[in-house]
1. Sequence-distant or interchain residues sharing an amide H contact under 5 Å with residue C:145, placed H: which?
2. Around residue D:140, what is the net charge, scoring Lys/Arg as +1 and Asp/Glu as -1 over all other residues with Cβ under 14 Å from its Cβ?
3. Roughly how crowded by other chains is peptide C:112-125, in terms of the mean Cβ count from those chains within 10 Å of each of its Cβ atoms?
4. Check which residues have an amide H placed less than 5 Å from residue C:154's amide H, if you skip close sequence neighbours.
5. Quick one: 3J(HN,Hα) in Hz for the stretch A:115-123, Karplus 6.51/-1.76/1.60 with θ = phi - 60°, rounded, Gly and Pro as x.
6. Collect residues whose amide H, placed 1.01 Å from N in the peptide plane, falls under 5 Å from the amide H of residue D:43; neighbours closer than 5 in sequence don't count.
7. Give the shape of the protein assembly as shown as rounded, prolate or oblate, defined through the alpha-carbon gyration tensor: a ≥ b ≥ c are the square roots of its eigenvalues, a/c under 1.5 means rounded, and otherwise the shape is prolate if a/b is larger than b/c and oblate if not.
8. Put +1 on the Cβ of every Lys and Arg and -1 on every Asp and Glu Cβ in the protein assembly as shown; which of C:90, D:182, A:163 then has its Cα farthest towards the positive end of the dipole?
Protein chains: 4
Amino acid sequence: MSASHGPHGDEKETARIEAFSDGVFAIAITLLILELRVPHDLTASGLRAALVDEWPSYAAYLVSFATIGIMWLNHHRLFGLIRRVDHALLILNGLLLLTISVVPFPTSLLASYLGHDAGRLVAGIYSGWFVVIALTFTGLWRYAASPVQQPPLLRVPLDGPEVRAIHAAYRFGPLWYVVAFVASFLSAFLAVAVCGALALFFALPPKPPADR
Amino acid sequence: MSASHGPHGDEKETARIEAFSDGVFAIAITLLILELRVPHDLTASGLRAALVDEWPSYAAYLVSFATIGIMWLNHHRLFGLIRRVDHALLILNGLLLLTISVVPFPTSLLASYLGHDAGRLVAGIYSGWFVVIALTFTGLWRYAASPVQQPPLLRVPLDGPEVRAIHAAYRFGPLWYVVAFVASFLSAFLAVAVCGALALFFALPPKPPADR
Amino acid sequence: MSASHGPHGDEKETARIEAFSDGVFAIAITLLILELRVPHDLTASGLRAALVDEWPSYAAYLVSFATIGIMWLNHHRLFGLIRRVDHALLILNGLLLLTISVVPFPTSLLASYLGHDAGRLVAGIYSGWFVVIALTFTGLWRYAASPVQQPPLLRVPLDGPEVRAIHAAYRFGPLWYVVAFVASFLSAFLAVAVCGALALFFALPPKPPADR
Amino acid sequence: MSASHGPHGDEKETARIEAFSDGVFAIAITLLILELRVPHDLTASGLRAALVDEWPSYAAYLVSFATIGIMWLNHHRLFGLIRRVDHALLILNGLLLLTISVVPFPTSLLASYLGHDAGRLVAGIYSGWFVVIALTFTGLWRYAASPVQQPPLLRVPLDGPEVRAIHAAYRFGPLWYVVAFVASFLSAFLAVAVCGALALFFALPPKPPADR
């Protein structure tokens, strides 16, 4: 709408979408703790054993927290480059928020069934969902960096070092989660370990653009 | 209050109400996931069947997520046009936030009973609540765009293209949800499908004003 | 700290406290819906009766939502007048956020026991808690408007019309909730009705200062 | 990235991290109330007794609320001094948010078992977790105030009074929580009381820098 056009209006618009997205990320990441259950009516030794037995819950919590945190970081970086938001980007961003909001559910499944008979099934659902998130995120980025939008949605040149660095970083993102998904057919623990390792890997500092 | 008068104070005031509203929208949309329940103590094949049987929960989740998301988008557009907030607008906005905050409850009802004996009852409650939301939103918009308020609450001319476009878009909003409500007497699935289709329809890009 | 002194730093400081407080208000008001319980495993007619029987939950939800909403509005007005936040105001604001965050618990008590044997007990806890909130809010306001702080915390003259109007509006606030509390000894319904009426009353537009 | 460099971009960057962190703090502090359970199906006298018996829940709630609140205050003060955020600070901040988000779980453990056989175990977990939070916070501060980062991350001189005052205030923070942890081997109540006293102590106004 013309009222919110111009560089000032666009910046405010982008800021509000960032703020709403941040809210959803912050809530999803904080709600994860509600999936940890307190064992009831136990003696001290019974409680100690029950808490130790809950370790799959802690592992699922940590990997999901780290993954949502990394996704926030990437989202934050991406929106730092975005100057203008169009309708399709709003919808793609909404899809990404949907995939993030869902995370507590596969996390809870994993916490309940890791180490049990259905462990590989839930590890497959869990890592498969991360494939969906990574694909959605890649789609959002590809759209934002596409030369088709005129004027461009990014505030930096599409062939500049920042954009090239992000392209390089995201190229194999979904593939790595496919590796985790495939691993779930072999071993639930392996799949979760791959997801955890990916979160640690993506938490490493980004390689600075060459001209920096 | 005089201290917050003037264009600068009004803008800050509007921004804070937007921020609070965004918080409520973000929380309501993210809390929806808590309604998905993890089946307990099952074997792998039992869990797979139980998760497939939960499909009404997933449908209810998706439709509610999309609907709250669309409502946020519309709220966001509307407040992009608002320059000044008066007391009645604050109260109307509070009523809208109330209707949005309630959504997890009919969603949970739908997730529990869709496909059961009480399916049409819960689909009626669900789509009926969407009628209430649509009416509240229309009331908020009508009040904001009313020529009675002096100085006007909008930053654009009341007979300009943006306002006319929104009037056109919202004219039939509540009616469509009445269609979903009526459909619930025939079939719960039909009512939910209409609600989902409406969310997709309202997610389409708005028709640009003619002079743009 | 000197780094955040000066009018600019003070304003940023105040804005961040408002934003954090808004977050707590928005979350507390949206979490209320989690207290509504979905009856399980019923036929259509059984579910209809069970939902009608849950009316105390809906009443408790509405009164609590309206009360937190009104408290947000008042908090928002108050902080619109505040220029500078000192340590004691931070602590008083934290106490107010504590009282607001607790509201879902007495609301849930009321929803569970209104209409039962323990109705007057829970209505007493509920309205008694509102007395605590009103007293905390009054304390926050009294401190902010006290002439003892130099430089003053408010951006308007302490003897000006805005301050006098707020003094007048809050003078009897806690007392009204004491009336609701006393009423709970007679009838739980009466106490809840008084709380609801107070929320509606405080939702009326503030009387403009005479010189406006 | 060069696009967000310069004093303006750095400030916006810092503001967004503060906002996301505030969101997580606000949600964690407000979720605590969900751990309070409503006793069901009791007479008035039974309910009164059950609510009185729940006092460990109230104590756990209050101490956790005060502790997260104080951590927010400290986080807020620290970020008021930060001019620039680098990748490692982002990760350290993420670790701090992780430790804060976890708090509802040990709080719930404490609420369930304080006064029972497993009281000392849960008080040890609870105060031990506060040691972890205090260490993470100290690590974040030490990194931010380290002379190794060039240009410095703080906006004030590293040997100035503000930084020295914070160094002094945080020097013994983790140690005090170690005292609470050790106390848990003697008495669960003592450990919780120490944690509560520490929250009150850290809520006292900071000693102003000498030159102020």
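1. Long-range HN contacts for residue C:145: none found.
2. Details: positive: D:77, D:142; negative: D:18, D:86.
Summing Lys and Arg as +1 and Asp and Glu as -1 gives 0.
3. Numbers: counts 6, 8, 0, 0, 5, 6, 10, 1, 1, 7, 4, 0, 0, 3.
Other-chain Cβ atoms within 10 Å of each residue's Cβ, averaged: 4.
4. Result for residue C:154 returns C:83.
5. Result, rounded to whole Hz: x, 10, 3, 8, x, 5, 4, 5, 5.
6. none
7. Working: a/c = 1.01, a/b = 1.00, b/c = 1.01.
The shape class here is rounded.
8. It is A:163.
The values are calculated or read from the model by the stated rules, or taken from the named source; none is laboratory data. All values derive from a computational prediction rather than experimental measurement. With ideal geometry, Cβ positions are generated from the backbone for all residues, glycine too; neighbour counts draw on all protein chains shown. In case anyone asks, the SASA skips ligands and DNA or RNA and just uses the protein heavy atoms, side chains included. Shrake-Rupley method; radii C 1.70, N 1.55, O 1.52, S 1.80 Å.
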